[in-house]
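These notes are about the structure you will find just below.
Read-outs throughout are calculated quantities, based only on the coordinates presented, and are distinct from any laboratory measurement. In this text, all values refer to a predicted model and were calculated from it rather than measured experimentally. Cβ sites come from the backbone with ideal geometry, for glycine too, and all protein chains shown count toward neighbours.
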Amino acid sequence: MPLPRARQFDLIAFDWDGTLFDSTKIIVRCIQSAVVDVGGRMPTDKAASYVIGMGLMQALAHAAPDVPKEKYPELGARYRFHYASHQNDLSLFDGVLPLLGDLKARHHWLAVATGKSRRGLDDVLQTVQLKGVFDGSRTADETAGKPHPLMLQELMREFGAEPRRTLMIGDTTHDLQMALNAGCPAVGVSYGAHEPGEFESLRPLFVAHSVGGLRDWLLENA
């Protein structure tokens, strides 16, 4: 009987929207609606999807360069209004829960590093399906927005994990750049907000084109 494969990563950190949660299209529409609500020019789908993963206000400011700063609070409020109206439309990608269960069974620490707010992340993590799945999490509003490495740095300190044994998984260049900035390896997923062709210069170990493909790679290599 073959010996079990040595574990390469102690801590595996996931982005949320577009990586575990199937929310990219809805977030794009909410950003576009919020910008129009405050009198800005509607961002293109590409411009709105590019900012996913950033902190909320950083993202909205980037997506709406013609909206004056004094309107940012209203812009944020309108985004939250539109997002709240779609809360029940959002769901985990198929296969995410079994994937997380497999990783837990192998005793990896699992964490979330997201541009969502703490309140928004806590709301979804309180669901029955996700209670107790993650060992830690960091959000942009309590640390720093991506690609700043603070989220990963704090998680590594919390668990005593070395950068080389910490893996970041995300669907955007912001996620992969954050990993580089923290000295951590990363895996990209192509089914979220950013085109996988944009990942090459950020040197991910692997780009998964489905949750199943991500699971297979992690079980073989993580």
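Projecting the Cα atoms of Val112, Leu92, Gly212 onto the dipole axis of the chain, where Lys and Arg carry +1 and Asp and Glu carry -1 at the beta carbon, places Val112 farthest toward the positive end. Placing +1 on the Cβ of every Lys and Arg and -1 on the Cβ of every Asp and Glu, with nothing else charged, gives the chain a dipole about its Cα centre of roughly 240 debye. Only Cα sites of the chain enter the Debye sum here, all with the same form factor; the resulting log10 I(q)/I(0) across q = 0.10 1/Å is -0.42, listed in q order.
For segment 124-222, the Cα gyration tensor yields ellipsoid semi-axes of 20, 18, 14 Å (square root of five times each eigenvalue, largest first, whole Å). Under the combined filter of DSSP loop state and at most 13 neighbouring Cβ atoms within 10 Å, segment 129-208 retains none of its GluC sites (Glu not before Pro).
Looking at the square roots a ≥ b ≥ c of the eigenvalues of the Cα gyration tensor of segment 182-222, which shape do they give, rounded for a/c under 1.5, prolate if a/b is larger than b/c, or oblate? In terms of gyration-tensor shape, oblate. Only beta bridges with both residues in segment 1-138 are counted; by DSSP, about 10 percent of them are antiparallel. Each part gets one Cα centre, and for segment 1-80 versus segment 99-176 those centres are 16 Å apart.
Length gained on full extension, Ala6 to Arg106: 34.9 nm, using 0.36 nm per residue less the C-alpha separation. When only Cα pairs below 8 angstrom with a gap of at least 6 residues are kept, the chain shows a relative contact order of 25 percent.
How are the alpha carbon pair distances in segment 24-89 distributed across 10 Å bins from zero to the largest one, expressed in percent? Spelled out per bin, shortest first, that is 25, 61, 13, 0. For segment 25-104, trypsin sites (Lys or Arg not before Pro) meeting the loop criterion (DSSP other than H, G, I, E, B) and having at most 15 other Cβ atoms within 10 Å: Arg41. Dividing the helix sum by the residues of the chain, where each DSSP H run of 4 or more adds -39500 (n - 2.57), gives a mean residue ellipticity at 222 nm of -12000 deg cm²/dmol. Normalised size of segment 1-130, defined as Cα radius of gyration per 2.2 N^0.38 Å with N residues, equals 1.27.
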